[in-house]
1. Can T256 be described as surrounded by fewer than 18 Cβ atoms within 10 Å (Cβ to Cβ) and of a type in the set (S, T, N, Q)?
2. When you go through P135, P140, P149, P230 one by one, which is the residue that is open to solvent by less than 10 Å² (accessible area, probe 1.4 Å), assigned to a loop (DSSP other than H, G, I, E, B) and not aromatic (F, W, Y)?
3. Just one of (1) in a loop (DSSP other than H, G, I, E, B); (2) modelled with pLDDT of 85 or more; (3) surrounded by 12 or more Cβ atoms within 10 Å (Cβ to Cβ) trips up P46, so point out which.
4. It is to be established whether one or more residues within segment 356-372 are open to solvent by less than 50 Å² (accessible area, probe 1.4 Å) and either of a type in the set (V, I, T) or touching a Pro at 6+ places or on another chain (Cβ under 8 Å) (or both).
5. Might you check whether a residue that is out of contact with any helix residue (DSSP H, G or I) (no Cβ under 7 Å at 6 or more places or on another chain), outside any helix (DSSP H, G or I) and open to solvent by less than 40 Å² (accessible area, probe 1.4 Å) occurs anywhere in segment 276-292?
6. Cβ contacts < 8 Å: first residue farther than 22 Å from I196 by Cα, restricted to segment 227-244; second residue open to solvent by 80 Å² or more (accessible area, probe 1.4 Å) and not in a strand (DSSP E or B), any location; separation 6+ or different chain. Result?
Amino acid sequence: MSTSSAPSRILRVGQVVTRLAAHIQSGDEFKDLWIEGEVVQARSSPVGHVYFTLRDNVGQLQCVLFAMKAAQIAPRDGNKVLAHGYIELYTKDGRCQLQVDDLRPAGAGDAYLRLEALKRRLTAEGLFAVERKRPLPPAPRRIGIVTSPIGAVWHDIQQIIARRDARMELIFAPAQVQGVGAVESLIAALDGLAQIRDLDVVILARGGGAAEDLAPFNDEALVRALARFPRPVCSGVGHETDVTLADLAADVRAPTPSAAAELVVPDSSASQQRANRAWRRVAGRVRERIEERRRRLETARRMIDRRAPAMRLAVRRQRIDDARRVLDRAIARAVPLRRQRAVSAQRRLAALSPLAVLGRGYAIVEGANGHIRASVATLEAGERVRIRMRDGRAGAVVETLERNG
């Protein structure tokens with residue numbers, strides 16, 4: 001058992017932490033720090049803050065990068081960086097944390113600063129302005145490809161374009177994409193493509209790599225070559241987090257070379273499906289219009305037929321035929337009846353006729369004027385008369401007159 005002497009002064013934990021926090025905040029030595037280390041355990045909060053740890057072979061320090069800065073310079077696990085900020089000590093849990101306000105690749109030094117200065121100058125010249133960006137053609141046919149002839153990028157681009165639309169014509173302009181002479185090779189490839197007629201668009205591509213491998217794509221000469229290129233350019237350089245000056249100068253930036261091929265070449269199967277749907281809609285509309293016109297034409301034809309002279313004449317002729325049939329039936333019924341009535345009247349007249357009386361032996365006396373003399377009082381002795389009998393007439397002279405009673 002230890003036999004150390006009794007402590008002369010005992011401090012509470014809170015007192016020590018408070019004094020340490022006051023010491024950190026009162027001095028300037030912890031307010032303007034550049035700390036180099038490797039990023040580990042990087043994570044984002046729902047509001048956009050990025051929390052990570054800087055470590056080296058001796059120790060580690062917790063850091064925070066707030067959302068406004070994190071949107072511009074987000075750290076990734078494994079990156080070696082220079083972080084600028086100030087130290088804060090949280091008394092409640094005794095934890096120190098670096099509040100980061102700037103983050104740079106470690107070892108960049110003057111090269112990084114020169115790149116930032118070039119970026120600001122080219123931005124001021126308007127080379128990265130949104131207003132000068134040209135849209136990709138909706139239906140390209142000839143596509144220029146600037147990338148290395150070796151490696152997977154050129155093969156991947158060919159595969160993707162062939163899958164999306166095998167009708168595309170690819171014009172390959174091989175170029176060196178890293179190392180000495182890469183900038184001149186890339187510019188020469190672009191200048192060669194600029195001489196080709198009917199070229200629709202160009203893809204500038206390179207696979208991922210270290211920051212120094214991407215240095216040719218941050219060269220001012222290449223940026224200006226892209227700015228003066230007469231056709232739209234789609235860049236696909238490195239990985240999604242690698243943003244070069246060539247990406248900013250291109251009309252469209254894709255996160256990867258494969259994504260650039262997909263952006264430039266529309267999927268022909270999807271286009272065909274859209275065209276088929278549009279054709280079906282158009283055909284349906286046309287059929288509806290034709291059917292509507294046919295119905296209207298049929299209605300108009302019926303109206304014209306009803307109002308036309310030929311139709312009116314046919315209607316009148318039909319009415320006349322109907323009237324004739326009615327009249328024929330009426331005549332067919334009336335003639336026998338009238339015939340029967342005539343026979344009956346004839347019989348009655350025959351029964352009442354004087355000739356019928358003559359047939360029974362009677363005679364009719366007519367004067368010289370042809371008037372019937374029905375009375376002896378109308379005759380005179382010596383007057384000549386005619387006697388009408390059943391079968392003829394005879395002349396006579398009245399000799400004597402005898403009155404009845």
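The values are calculated or read from the model by the stated rules, or taken from the named source; none is laboratory data. Keep in mind that what you see is a predicted model, and the values were worked out from it rather than measured. So basically every Cβ, Gly included, is an ideal-geometry build from the backbone, and we count neighbours across all protein chains shown. We work out accessible area using only protein heavy atoms, side chains counted, and drop any ligands, DNA or RNA first. Shrake-Rupley method; radii C 1.70, N 1.55, O 1.52, S 1.80 Å.
1. When the stated conditions are applied, T256 does not pass them.
2. None of the others qualify; the one that does is P140.
3. The one condition P46 does not meet is (3).
4. yes
5. Looking for residues that are out of contact with any helix residue (DSSP H, G or I) (no Cβ under 7 Å at 6 or more places or on another chain), outside any helix (DSSP H, G or I) and open to solvent by less than 40 Å² (accessible area, probe 1.4 Å), one finds none in segment 276-292, hence no.
6. T241/R76
The rows are residues; the columns are (1) modelled with pLDDT of 80 or more; (2) touching a Lys or Arg at 6+ places or on another chain (Cβ under 9 Å); (3) open to solvent by 40 Å² or more (accessible area, probe 1.4 Å).
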site	(1), (2), (3)
H23	no, no, yes
L33	yes, no, no
A42	yes, yes, no
V50	yes, yes, no
N57	yes, no, yes
Q62	yes, yes, yes
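To keep it simple, each residue is scored yes or no on (1) surrounded by 23 or more Cβ atoms within 10 Å (Cβ to Cβ); (2) in a loop (DSSP other than H, G, I, E, B).
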{"position": "V183", "(1), (2)": "no, no"}
{"position": "I187", "(1), (2)": "no, no"}
{"position": "G208", "(1), (2)": "no, yes"}
{"position": "A221", "(1), (2)": "no, no"}
{"position": "R224", "(1), (2)": "no, no"}
{"position": "G236", "(1), (2)": "yes, no"}
